[in-house]
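The values are calculated or read from the model by the stated rules, or taken from the named source; none is laboratory data. It should be emphasised that the depicted structure is a prediction, and the values quoted were computed from it without experimental measurement. Here Cβ is always computed from backbone atoms with ideal geometry, including for glycine, and neighbour counts include all displayed protein chains. Note: areas computed on protein heavy atoms with side chains; ligands, DNA, RNA excluded. Shrake-Rupley method; radii C 1.70, N 1.55, O 1.52, S 1.80 Å.
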Amino acid sequence: MNLGYTRRFQDEFDGFPPERQQAVVDAIQDFITRIASQHPLSAGLGLKKYGKDYWEIRSSRSDRILFEW
């Protein structure tokens, strides 16, 4: 799996307080771990297709992480 962050993501992430940054990191790590081990995704991640090649997961009710897969 190739993991990279857009400049926009990095700029937004850098402006988050530490606890919000940790929630994002935790959501990304949980997603990657579950995909790599072929375990079911937790409902809390809220995996959802977003367009043709894009998906989203949630790190909180208001924060979404969009990615290409």
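Of note:
- Of the residues making up region 48-68, those that are over 18 Å from residue 7 (Cα atoms) and among the hydroxyl-bearing types (Ser, Thr, Tyr) are 50, 59, 60, 62.
- Within region 7-54, the set of residues being of a type in the set (Val, Ile, Thr) and either touching a strand residue (DSSP E or B) at 6+ places or on another chain (Cβ under 9 Å) or at pLDDT 95 or above (or both) comprises 24, 25, 28.
- Among the residues of region 34-69, those that are touching a residue at least 12 places away in the same chain (Cβ under 8 Å) and of a type in the set (Asp, Glu) comprise 53, 63, 68.
- Of all residues in region 3-33, those being in contact (Cβ under 8 Å) with a residue 40 or more places away in the chain and among the small types (Gly, Ala, Ser) number 1.
- Unmet criterion (only one of (1) under 11 Å from the mean Cα position of the chain (by Cα); (2) open to solvent by less than 60 Å² (accessible area, probe 1.4 Å)) for residue 51: (1)
- Residue count, region 1-14 (criterion: under 13 Å from residue 63 (Cα atoms) and open to solvent by less than 80 Å² (accessible area, probe 1.4 Å)): 2
- Within the span defined as region 56-63, every residue fails to be part of a helix (DSSP H, G or I) and modelled with pLDDT under 95.
- Filtered by the rule that a residue be over 16 Å from residue 61 (Cβ atoms) and part of a helix (DSSP H, G or I), region 23-48 gives 25, 28, 29, 30, 31, 32, 33, 34, 35, 36, 37.
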